[in-house]
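Encoded as structure tokens, the structure appears first; notes follow it.
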Amino acid sequence: MPKHGKQYRKAAEGVERGTLYSLEEAVNLLLANSCAKFDESVDVAVRLGIDPRHADQMVRSSVILPNGTGKDVRVLVFAKGEKEAEALAAGADYAGSEELVNKIKEGWLEFDKTIATP
């Protein structure tokens, strides 16, 4: 039988085997039992109930939980008229049409994501 260190045994005491924890409880438990001198990461496996043999059901992605990277995402929306006002009200940082295209052609790239309306 393998021997475990003090930190592992201490962390194992706080976890009940066979218990399903909610996401919030699990993250709090992870943070309480953190003992590394670096930023730890967590892998999550999710059963989606799809058949990966079919090309239209392939899912590959990664997500940073729970609060993202901490970087503010600057959103640019290409829209005209009423949609431009809607985008700004929804939280877009920049909205417009031709003037933004001209600005980008001049070399302005101070945005992270771009959305366009039809």
Computed label-point distance, nm, for sites residue 32 and residue 90 using a 7 Å Cα→Cβ extension
4.0 nm
The chain - charge dipole about Cα centre, Lys and Arg +1 at Cβ, Asp and Glu -1, debye rounded to 20
800 debye
Counting residues in the chain as N, plug N into 2.2 N^0.38 Å and put the Cα Rg over that result.
1.70
Using a simple spin-label model with points 7 Å from Cα along the Cα→Cβ vector, what separation in nm is obtained for residue 61 and residue 15?
2.6 nm
What residue among 88, 76, 48 has the largest mean-square fluctuation in a Gaussian network model of the chain, using Cα springs under 10 Å?
48
Filtered GluC sites (Glu not before Pro), the range 24-112: DSSP coil and at most 14 other beta carbons within 10 Å:
40, 106, 110
Of 74, 17, 53, which is the most mobile in a GNM of the chain whose springs link Cα atoms less than 10 angstrom apart?
53
Out of the range 15-113, which chymotrypsin sites (Phe, Trp or Tyr not before Pro) are coil in DSSP terms and have no more than 15 other C-beta atoms within 10 Å?
21, 38, 108
Per residue of the range 106-118, in order, report the coupling 6.51 cos²θ - 1.76 cosθ + 1.60 (Karplus, θ = phi - 60°) as ³J(HN,Hα) in whole Hz, putting x for Gly and Pro.
7, x, 6, 9, 8, 8, 9, 10, 10, 10, 10, 9, x
Solvent-accessible area per residue, Å², over the chain with all protein chains present [probe radius 1.4 Å]
91 Å²
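The values are calculated or read from the model by the stated rules, or taken from the named source; none is laboratory data. None of these values were measured; they are calculated from a predicted model. Counting neighbours? That spans all protein chains shown, and the Cβs are built from the backbone with ideal geometry, glycine included. The protein model used for the area step is the full one, side chains on, heavy atoms only, and it has no ligands, DNA or RNA in it. Shrake-Rupley method; radii C 1.70, N 1.55, O 1.52, S 1.80 Å.
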